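Visitor: One structure is given below, represented as structure tokens, and several questions about it will come after.
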Amino acid sequence: MTQTPSLGGTLRVLSDAELQTIDNAARSILSRTGVQVGDARLGEILADAGAIVDRDGRVTFPERAIDDALEAAPERVVLHSRDGRSPLDLGGR
């Protein structure tokens, strides 16, 4: 059985400056606007992780909670196909 060689390499669609712009915007939305959560149990879980939940179910995330979540994220994400071949490595942080 022969295998097709992998070409490898890295595809960079966004520059570091563009990535930083997206990061800053996402942090602003999460910390100022937040998200609406309709499930009380989810609100409790998010509050336990450092989020702020108001009585109407709006959840905002302080900078520390965002940083903690990013630190807990896996180093790499690999998507595997159902046939066991050709995994898609989405890379690391």
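Visitor: So which of L90, L46 ends up being in contact with a strand residue (DSSP E or B) (Cβ under 8 Å, 6 or more places away or on another chain) and part of a strand (DSSP E or B)?
Guide: L90
Visitor: Name the pairs whose Cβ atoms lie under 8 Å apart, with the first residue in the range 37-49 and under 12 Å from A65 (Cα atoms), the second loosely packed, with under 12 Cβ neighbours inside 10 Å and modelled with pLDDT of 95 or more, and 6 or more positions between them or separate chains?
Guide: Filtered contacts from the range 37-49: no entries.
Visitor: While we're here: Does the range 69-77 include one or more residues that are over 13 Å from V35 (Cβ atoms) and part of a strand (DSSP E or B)?
Guide: Yes, some residue in the range 69-77 is over 13 Å from V35 (Cβ atoms) and part of a strand (DSSP E or B).
Visitor: Determine the pairs where a residue that is under 30 Å from S31 (Cα atoms), located within the range 69-88, has a partner that is part of a loop (DSSP other than H, G, I, E, B) with Cβ atoms under 6 Å apart, the partner being 6 or more residues away or on another chain.
Guide: V78/P87
Visitor: Does the range 8-39 hold any residues that are over 19 Å from G57 (Cα atoms) and not in a helix (DSSP H, G or I), and which are they?
Guide: Result: G8, G9, T10, L11, R12, V13, L14, S15.
The values are calculated or read from the model by the stated rules, or taken from the named source; none is laboratory data. Everything numeric here is computed off the predicted structure, so don't read it as measured data. Glycine gets a Cβ as well: all are built from the backbone with ideal geometry, and neighbour counts include every protein chain shown.
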